[in-house]
Every structure is written in C-alpha cells, then in structure tokens.
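Everything on this sheet refers to the single structure shown next.
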Amino acid sequence: MRTTHSAPADTDAALPAQRGRPSRPPAGEDPSLKAAYRLCRRTTRQHDPAISLLVQLMPAALRPAGWALWAAATVLDDLADRQDVEPAARAARVAAWTEALQHDLAAGTSRDPVRYALVDTALRWGLDLSGLREAMDSTREDTRGRHFADWASWRAWCSEGIAPWVDQVRHLSDRAGAPMTLRLDRQQDYRRFIHGAQLTDVLTDLGADLSQGDLLLPQEALNAFPGAEDDLRHGNWSPAAAALVRELTALARHWVTRPSMTTGMHPGAAVVLDTAACLMRAQLDAVDAAGRALLTCAPRPSLAARTRILAPARIRSALAWSLTPLTVPPPRRPAVTVPGPGPEAERTGLRPPPPHSGGARPPRIAADRMPTHVAVIMDGNGRWAGQRGLPRPEGHRAGNAAAREMVYGALEIGLRHLTLYAFSTENWKRDTEEITTILEAIRHDLDEGPIRDLDVRQRWLGRPDGLPEELVQALLREERRTSHRTGLTLTVCINYGGRGEITQTAAALARAARTGDLDPDLISEDDFARHLPHPDMPDVDLLWRTGNGQRTSNFLPWHATYAELYFTPGYWPDMDRRALWQAVSAYSRRQRRHGGATP
C-alpha cells in the first residue's frame, strides 16, 4: 500500500462539526492507550489528509479503529520507502514489525504505540488481522522496486496492497452493526474502485516516485505513448508525457465513478464511499491542472473544492449514523493471528486435518498426474435416508459429515481446489423443511464447523436471491476471513445454476461494453473468463458425481468443458475421504489429450 506524504491539511476547521460524540480515544482506558490512539490520529492526518477526512465521516465510536488501521499501514509503508536504507534492510524492518505484531497480539499489548492501538482495535472489535498477510507481504516486496509488464500485474499489486486494508474497515463496519455490504453483482465495481484509488495515488505522487527512480505504471500503458517513459524519467514534460497523464487521469476518474457500488449499503457507509469518490475526482482534477509542476510536487485540490465536497457529506453522514446507534465493545482477548515467520501452524494458529478414523493414509500420486480442481455433485442424500426409514432432511445432515471428510482428504492429498454442489437453483422445488435443513446445516458449519481452523480458503458461488440474509452474511464473512489462506480453496455452490452464471457473466460483459471498457466485436474467451464471478477459478479437471446419476446437472458448464467425468453408484453420506482418493487415483490413470492425438 502507498500513502501520500504531505503536510496536514487543516480543512476540519472550515467544515461544520458532525453531530454526536466527539471523536476521541476510547474512554476508560489507560493513558498510554489514549496516547497511542492520538498518535495514530496525527499520523493518519499528516501522511494522508484525505483518509483522515474520510475517517471523520465515520461514527465517533469507529474513528479510533480507523486511525489505528491507517496508521499501521502508513508505518509499514514508511519502513518500505526509506531511501537512506538498503532494500534488504528495509524488507527486514517490515518483516520485524510484522513479527512483533504477532507477539503483541498474543500478549494483548505492545510497547510500540501504533501496534498497541492496532492490537486494542483487533481485540476490541474481534478483527482477524491475518487477512493482512498479503498486504504486508506486498509491502515487503515493494522494497525491491516494482515493474509491471501489463495492467493485469498492476491490478494484482493493487489487490495485494490496498484491498486487505480496506476490507478491514468493512469488517469493522460489520462488527459495529452497519455493514458495508457489497452486492454480489457489483464486486467488479468494488475492484475497479480500488484500482482507481491506487491509480489516483500513483499519479499524485508521480514526481516523488520519479525522484526515487520509481515509475509505478504498467509498461503496457507507457508503450501506448512512445517516448513518454524516457521523458518522465528525465524530468521532461513532453507532449507524450502530458498525453499519457491525461489518458490515465481519465481512466482513474472512470474507475472511481461507481455509483451502483453503494446500492443496498448502509447509508452512512455509502456516504463515506461516495465522498471518497468525490475527493479522488477532485484530486484528479488537480493532477490534470498541474501540468509540468506534477514532476516536482504533489498537487492538491483547493480548500474551496474540498469544502464543497465535505460540508454536505458531514451533514449527510451525521444524519445517517444517527439512525444506527453504535457503542464501543469492551476490550476482548480472543485468539487473533497475524502473519509472521516460522512454521505455518505456529504462525497462523491453523491446525492439520484430523486423521482418518480407520487409520487410512492418502495414496502417493505424482505431481504431474494430480488434478488441480475436483468438482463434486453430492447426490443421494435423500435416497440414503429413505433406505433407512429416515426423513430426507436426515440424509442432508449425514451428507454434511461426508463433505467435511472430503475437505480433510483434499488437504491430506494436497489438492488445490475442491468445489462442492450444495444447493442448486432447481432445488427450490423441494419441500420447505428439506430446504431449511440444508441451508441451516450450511450456516451452522460456517459459524461453528470444524473446518474453520484448517488451512482452507472458503468461497461461495451462487446468487443471493431467496437465501436467508444471515446465511448470505455468514458466507461473505467467511470468504473475507479466510481470503489469505494458501492451502485448499473450497468453493461451495449454493443457489447456483450454470446457465444462470453464464447469463450473469454475459450481463457483466454487456455493462463493460456499454461503458467502453470492451469492444463488443473483439470479446474473447479470456474476456468472458475475466467477468465470471470467480475469475481465478481454474478449469475443472475431474467432475465426480455420486448416487448413480450420469449427468452434470447444470454444474460449472464453463469450467467443466474438458473435465474428466467420474460416476459412482454409492450415495453421498456413505462417502469418506478414501472415496475422494479413489477418484483422484482413477483420474491419474487417464490419458488427457484435449483434442490432440494420442502420443
């Protein structure tokens, strides 16, 4: 993450005060904690005045947490940016700060004031700071310098460096009872907004970065304006350099203008995001107006421009937050993990899967014969219950235990992706009691299930329409909470239909074409894949169905085009991890040609 290094902007005095409690460190705390939060406030205000102003739009109860999060990001950024220190030493300092945070979280306190405030924030609000691992790793990599061949690698940098910190603010809002919920069909808008914020920051700090030998723009963008890169690196404000900056400011302005992103969001959170977009557009106007001066100093919007944006925002946010009374929870001491060096279990608190009850061990399969992605249609729960004279819902409860066994087996064999078909859009035709049992069992596993502490990255694929709101929020929460994990990626398909997914993706392509992001005559398969709900999901190598059916039932039609099909007669509740190992072993013996001739 990069932060803007500029003098504090005293714009607060020019704005009407927000109603309610004044923003101050949590009451009833020891003096050192109060001092720590005050330092975080000053640090945020000095290094990024715009962020400081946005934090002021949050309810008073949440502001100290906002200061702590952004101050911590700023400290790490400063450690990575120190030009008077060798890159290796800077990387070591970032790693040392991160490791110290891990120990401070375990102790519940810190001698470092910024870490002390961050530890208190995490424990008080129940934040899982392990989600910041990717951002901290990205900051450490920044010490070695950055070069981006294309926009894809540049966007990945944004997602690694900024998104985890913003997600912590979203988690904070969720904990406070004012969720910053994003509609599933607007996830792409959220990602574009993050990219626009980063591009705005890069353009603002262009001169400072160039003085350090950095040009944090993708080569793909630079190549579109021949000569612009050399001119910028030599401090020459040429027509090519000016045209490049104009093009990029227009792109950033387009990315941060995402009005639909806040649809359905708490009005207070919506005001914060809308105001952030307005401030960034004002900042881009200042970049456009700077001209040659952009190479020597960071431009800033005028006080009048900021006041025009922030004065009404303060009034709207005060009204919105007054509808949702928030209180600061008492200090808590849950187990909170954060990235640091050392063995994975010690570093993250994650545990290995339990061994098989019969002592079975996974087979040894050569890496080049191992599937990357196994997808499973878990069929036969109802028939299993019927054979035993039990109600159908009992079959689904037994099926949940089988699903957990598959996760254990996938972890033991080293499988990277496992996708389970839990509830299709066609399953709404079933009895209400059966539907309720299925969805309640899923929610229970999300809240209290045994895979919560395994190295499993959980994801949801499907539509929210008709699902209970508490289930949707639990799915999104676990997706955010486990997003940093690097073991098995478990995707659970709930209220999913393959044709619906393709229709949804076509709609996303149509929106991109309408806004000019895509040429409809040049849309490729890669463009389609990038607009799928989970663009990074790999193709299915093995599609396995239990219950003696031999059909794919509208399951992952795009991803399973070349999947090996594997059908077994047994009902799903009778399966355990050994059945998964047998399926993978059978796959390893097959010859896959993808249309080519047999060698």
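Read the figures in this text as sums done on the coordinates, not as results from a lab. It should be emphasised that the depicted structure is a prediction, and the values quoted were computed from it without experimental measurement. Reconstructed Cβ throughout: ideal geometry from the backbone, glycine too, with neighbour counts over all protein chains shown.
Taken about its Cα centre, the chain carries a charge dipole of about 1120 debye when Lys and Arg each add +1 at the Cβ and Asp and Glu each add -1 at the Cβ.
Could you state the number of Å between the C-alpha centres of the range 74-125 and the range 273-333? Taking the Cα centre of each part, the range 273-333 and the range 74-125 sit 27 Å apart.
Taking the Cβ-Cβ separation of residue 30 and residue 589 as r and a Förster radius of 60 Å, what is the calculated FRET efficiency to the nearest 0.05? Given R0 = 60 Å and the Cβ-Cβ separation, E is 0.40. Averaging the Cα positions of each part gives two centres, and for the range 219-263 and the range 423-447 these lie 49 Å apart.
Within the range 89-138, the trypsin sites (Lys or Arg not before Pro) that combine a DSSP coil assignment with at most 13 other C-beta atoms in a 10 angstrom radius are 111.
Quick one: length gained pulling residue 292 to residue 447 fully straight, 0.36 nm per residue minus the C-alpha distance? Intermediate values should be presented prior to the final figure.
Details: separation 155, 0.36 × 155 = 55.80 nm, distance 5.55 nm.
Length difference between fully extended and current span is 50.3 nm.
For the peptides 421-429, 54-62, the ranking by mean Cβ contacts within 10 Å, running from highest to lowest, is 54-62, 421-429. The residue 368 and residue 504 beta-carbon pair, evaluated with R₀ = 35 Å, returns a calculated FRET efficiency of approximately 0.50. In this structure, the amide hydrogen of residue 457, modeled 1.01 Å from its nitrogen in the peptide plane, lies closer than 5 angstrom to those of 487, 488, 489, 490, counting only residues at least 5 positions away or on a different chain. Against the compact-protein benchmark of 2.2 N^0.38 Å, the Cα-based radius of gyration of the range 353-588 scales to 1.03.
The modelled label-to-label distance for the pair residue 38/residue 233, using points 7 Å beyond Cα in the direction of Cβ, is 4.8 nm. Placing a pseudo-label 7 Å from each Cα along the Cα-to-Cβ vector at residue 401 and residue 387 gives an inter-label distance of 1.5 nm. With no solvent and one equal point scatterer per Cα, compute the Debye intensity ratio I(q)/I(0) for the range 12-322 at 0.08, 0.14, 0.15 Å⁻¹ and report its log10, rounded to two decimals. For the range 12-322, the Cα-only Debye profile gives -0.36, -1.17, -1.33.
Roughly how many nanometres apart are two label points built 7 Å out from the Cα toward the Cβ at residue 302 and residue 254? Label-label distance for residue 302 and residue 254, simple model: 2.9 nm. Straightening the chain between residue 567 and residue 551 buys 4.9 nm, computed as 0.36 nm per residue apart minus the Cα-Cα spacing. At 20 Å minimum axial length over the Cα atoms and a Kyte-Doolittle cut of 0.0, report the qualifying DSSP H helices in the chain, or say none. Membrane-span-like by this criterion, though nothing is claimed about a membrane: 63-81, 87-107, 239-256, 267-290, 303-322. The convex hull drawn around the Cα atoms of the chain, when projected onto a plane and averaged over every direction, covers 30.2 nm². Lys/Arg Cβ at +1, Asp/Glu Cβ at -1, dipole of the chain taken about the Cα centre: which of 91, 200, 58 is farthest positive-ward? Sorting the options by dipole projection puts first 58.
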